[in-house]
Amino acid sequence: MTAITRTYQVPGNDFARAGEASGHIKRILKELGFSPEMIRRVAITTYEAEINMVIHAGGGTVTATISPQAVAVVFEDHGPGIPDLELAMQAGWSTAPQNIRDLGFGAGMGLPNIQKYSDVFEIKTAVGQGTTLSVTIFAEGKEPI
Amino acid sequence: MKIAEIATLLETGAPLGRIQGDRDLTTAYAGDMLSDVLALGGQPDVLLTGLVNPQVIRTAEMLDTACVVFLRGKAPTEQILSLAESCGVCVLTTGKEMYEACGLLYGAGLRPAQ
Ligand SMILES: Nc1ncnc2c1ncn2[C@@H]1O[C@H](COP(=O)(O)OP(=O)(O)O)[C@@H](O)[C@H]1O
Ligand SMILES: [Mg+2]
């Protein structure tokens with residue numbers, strides 16, 4: 001199998017559609033026969049990142065590249081950016097308003113979860129310009145083959 | 001435990017939506033913060049929650065959760081049910097609140113997802 005790439009436009013603040021891209025990526029991985037463990041790690045990572053785009057950044061673009069060894073996903077938005085990344089990475093830190101908390105999000109666990117369940121984790125962010133989050137999950141655990 | 005047994009224990013009435021595969025269910029998680037479920041790293045077969053929105057179904061989809069139980073008689077919308085259908089997630093609604101629902105399922109052998 002050569003690598004396949006899929007791109008999704010994620011609309012901002014649309015909670016009926018939030019998770020569509022992650023759900024689609026998950027179905028592709030299932031069809032390709034990746035292990036349930038690996039698929040779950042990708043699903044958690046992509047879903048949290050997609051939700052962040054929807055909640056905090058007015059939407060963005062998700063690009064997934066799938067090869068037999070790994071799934072790499074880039075989340076690019078042109079939202080407000082993250083002023084203090086160290087703070088944002090802390091478990092429990094959230095700027096989500098009450099209406100988002102009422103949906104079950106805004107626990108401040110998204111970024112820590114994404115870091116925990118991905119093998120490669122990188123954020124580039126600039127205030128007023130946006131945020132690009134790149135994650136990779138290897139099929140055979142933490143190390144590349 | 002099968003979905004039908006959960007429905008009986010929690011007096012939910014008929015499942016809303018299709019039961020896919022009807023696999024044996026062994027683990028559960030209960031809560032109202034979806035990120036906490038996702039943080040668990042485990043795979044709850046059953047998710048009990050007082051939240052009623054499409055993201056509950058999405059979260060179940062991500063975790064391969066077979067069955068979502070909406071608590072305190074909160075009725076899911078058509079939109080939620082059709083999403084559940086397309087994700088292969090079975091939906092139950094019970095009039096019971098979280099503490100009692102969890103106690104009943106634990107007593108019948110369902111264990112925490114880790
Ligand atoms: N894509 C993003 N654009 C702007 N801010 C973000 C983005 N992702 C995360 N953040 C900021 O980082 C904080 C922590 O994110 P996270 O850990 O996912 O928690 P939560 O989404 O529950 O608030 C958010 O509250 C928000 O302030
Ligand atoms: Mg988040």
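Numbers below:
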item	result
Candidate set from segment A:87-107 (those that are more than 12 Å from ligand 2 (Cβ to nearest atom) and over 18 Å from the mean Cα position of the chain (by Cα)); member that is nearest to residue A:128 (Cα to Cα)	A:87
Boolean, residue A:18 is open to solvent by less than 60 Å² (accessible area, probe 1.4 Å) and either out of contact with any Gly (no Cβ under 8 Å at 6 or more places or on another chain) or among the acidic types (Asp, Glu) (or both)	yes
Selected residue (criterion: nearest to the other protein chains (Cβ to nearest Cβ)) from residues of segment B:42-75 that are at positive phi and not basic (Lys, Arg)	B:64
Members of segment A:108-136 found to be more than 9 Å from ligand 2 (Cβ to nearest atom) and touching a residue at least 60 places away in the same chain (Cβ under 8 Å), listed by number	A:117, A:118, A:130, A:131, A:133, A:134, A:135, A:136
Within segment B:13-35, tally of residues that are at pLDDT 90 or above and within 10 Å of chain A (Cβ to nearest Cβ)	4
Filtered residue count, segment A:21-49, keeping only those that are within 16 Å of residue B:34 (Cβ to Cβ), β-branched (Val, Ile, Thr) and either more than 8 Å from every other protein chain (Cβ to nearest Cβ) or open to solvent by 40 Å² or more (accessible area, probe 1.4 Å) (or both)	2
Strands (runs of 3 or more DSSP E) enclosed by segment B:41-114 - at least 1 residues per element that are over 21 Å from residue A:47 (Cβ atoms)	B:90-93
1 or more residues more than 13 Å from ligand 1 (Cβ to nearest atom) and surrounded by fewer than 18 Cβ atoms within 10 Å (Cβ to Cβ): qualifying strands (runs of 3 or more DSSP E) within segment A:50-145	A:59-66, A:120-126
Odd one out for residue B:78 among (1) within 14 Å of chain A (Cβ to nearest Cβ); (2) open to solvent by less than 40 Å² (accessible area, probe 1.4 Å); (3) more than 21 Å from residue B:22 (Cα to Cα)	(2)
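Condition check ((1) over 11 Å from the mean Cα position of the chain (by Cα); (2) free of Cβ contacts under 8 Å to residues at least 40 places away in the same chain; (3) open to solvent by 50 Å² or more (accessible area, probe 1.4 Å)) across all residues:
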{"position": "B:23", "(1), (2), (3)": "yes, no, yes"}
{"position": "B:28", "(1), (2), (3)": "no, no, no"}
{"position": "B:44", "(1), (2), (3)": "no, no, no"}
{"position": "B:53", "(1), (2), (3)": "yes, yes, no"}
{"position": "B:63", "(1), (2), (3)": "yes, yes, no"}
{"position": "B:74", "(1), (2), (3)": "yes, yes, yes"}
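The values are calculated or read from the model by the stated rules, or taken from the named source; none is laboratory data. Keep in mind that this is a model prediction, so the values were computed, not measured. A quick note on method: Cβ atoms are made from the backbone with ideal geometry, for glycine too, and the neighbour counts reach across all protein chains shown. Remember, those area values only see protein heavy atoms, side chains included, never the ligands or the DNA or RNA. Shrake-Rupley method; radii C 1.70, N 1.55, O 1.52, S 1.80 Å.
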